[in-house]
Amino acid sequence: MLKQLDFYKTLQGFCDYLKFTRNYSDNTLLSYENDLKQFGLFISESSETGASDAEGGKNNRVIIDESYLDTAMLKSFIAGLFEEQKLDIKKSRKFSNRSISRKISSLKAYFRFLYRAKLISKNPASGLLFPRQNKRLPSYIGKAEINKLLDEKGLNDLVFLDKAVIELFYSTGMRLSELINLKFDDVNFRSRTVKVTGKGSKQRIVPFGSKAEKAILNYIQIRNICNIGSLDYLFIGRTGKKLYPMQVNRLVRKNLSRVTEMKKKSPHVLRHTFATHMLDSGADIRAVKDLLGHESLSTTQIYTHISPEKIKKVYNQAHPKA
C-alpha cells in the first residue's frame, strides 16, 4: 500500500521543527515556508494522480502519493524556475541563481526532515545539485566616502537617529534585523560593547567605537522624548514605535546617496564596508568572522578581496614606471 502525505500538514511540522528545535529566525522561516508553498502549488497543478486537493482548495490540503515524490519530479520543478528566469516576464517573478539555490536548500531540508521522521522511505532531494553562482565582489563604501558621511558637522535633532544608526552599522557590522531588535539594555557603555542576537537566536558581544558611542548618546536624548510607549528597544522612530526594516533601508539609502553614486545602498553595504575595512587594516579573519556572526570561515572569505585602494598602493610602490 502506498504511503500518502498531507503536504501542508508536514510543512507545518517542518516549520515547527525549524522554529522550536533549530531556533531559526522569523525571516529564514518565512523564506523556507514561501519556497515550499511554491513547491506545493507545483505539486497540486502538475499531477492529477500524484496529488489531490481533498478539500476542494479551501484549506490548501494537498495529498501526495510517496511514489510521486521522486528526483525527476523535483528536477521538473527546478527546471520550471530556470524557464521563468529566461522568459520576459515581470521582474518580481524572475529567479536568480541565488534564489533558486535557496529553494533547492529548502527542498533538501524539508525532505531530509521527512526522511528522518520516517514519513518517506527514501530522500528524493539528496541528489539535487546547486546551480553555479556568479562570483561577485561585495559592494562597499570607500574610506574617504564613509569618513565624509560620518564627519559632517552641524547636525540637528532630525538626523541624530540617522547618525546613530549608520555609526553603529559601520562600527559593528551587524545585520539589519539585529539592529532593529537591539534592546536598550543590550548596550554596555562602560565596556563599549553591544550584545547582538543573530541568526538562530545566537548571541555575540561586539565592541563599538567612540564615535558610535557619542552618536548613540546624542540620539538617546531624542529617544527618551519620543519613547511615549516605554519601549525597551534601543532604536525607535519619532512616533514612538519600533523601527521597521523598510524605514531603516530608506534612512541608509538617503544618507549614502550623499556620498556615493554606487547603485546598491543598503544596511548590508555598511556590513560589507565594516568587514572590508577591518581586513584591509590587518584584522585577523577569524576575529572578523566572530564579529560578523558567521558560522563558517568560508562565508567571511568573500571579504578577502583586494580593494582598489590597496591595489593602487601596491602598484605605485612596485611598478618602476608608476
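Every number here is computed from the coordinates shown, using simple stated rules; none is lab data. Since we're looking at a predicted model, the values are computed, not measured. Here Cβ is always computed from backbone atoms with ideal geometry, including for glycine, and neighbour counts include all displayed protein chains.
Annotations
- Listed pairs 75/265; 118/195; 37/289; 148/264; 202/264; 37/183 exceeding 30 Å between Cα atoms: 75/265; 118/195; 37/289; 37/183
- The Rg/Rh ratio for the chain, using Cα coordinates for both the radius of gyration and the Kirkwood hydrodynamic radius, is 1.04.
- Note on residue 247 and residue 143: the extension gain reaches 34.9 nm, defined as 0.36 nm multiplied by sequence separation minus the Cα-Cα distance.
- Calculated SAXS-style log₁₀ I(q)/I(0) at q = 0.09, 0.13, 0.14, 0.17 Å⁻¹ - region 108-230, Debye, Cα scatterers: -0.45, -0.70, -0.76, -0.94
- Residue-by-residue Karplus 3J(HN,Hα) for region 218-229, coefficients 6.51, -1.76, 1.60, Hz, glycine and proline x: 5, 5, 4, 4, 6, 4, 5, 6, 7, 7, 6, x
- Helix-only mean residue ellipticity at 222 nm for the chain, each DSSP H run of n ≥ 4 adding -39500 (n - 2.57), per residue, nearest 500: -15500 deg cm²/dmol
- The residue list 230, 110, 293 was ranked by how far each Cα lies along the charge dipole of the chain toward its positive end, using unit charges on Cβ atoms, and 293 comes out on top.
- For region 143-313, convex hull volume per residue from C-alpha positions, Å³: 125
- In a reduced charge model with +1 at each Lys and Arg Cβ and -1 at each Asp and Glu Cβ, the chain shows a dipole moment near 940 debye about its Cα centre.
- Rounded to the nearest 20 debye, the dipole magnitude of region 143-313 is 320 debye, with +1 charges on Lys and Arg beta carbons, -1 on Asp and Glu beta carbons, and the Cα centre as origin.
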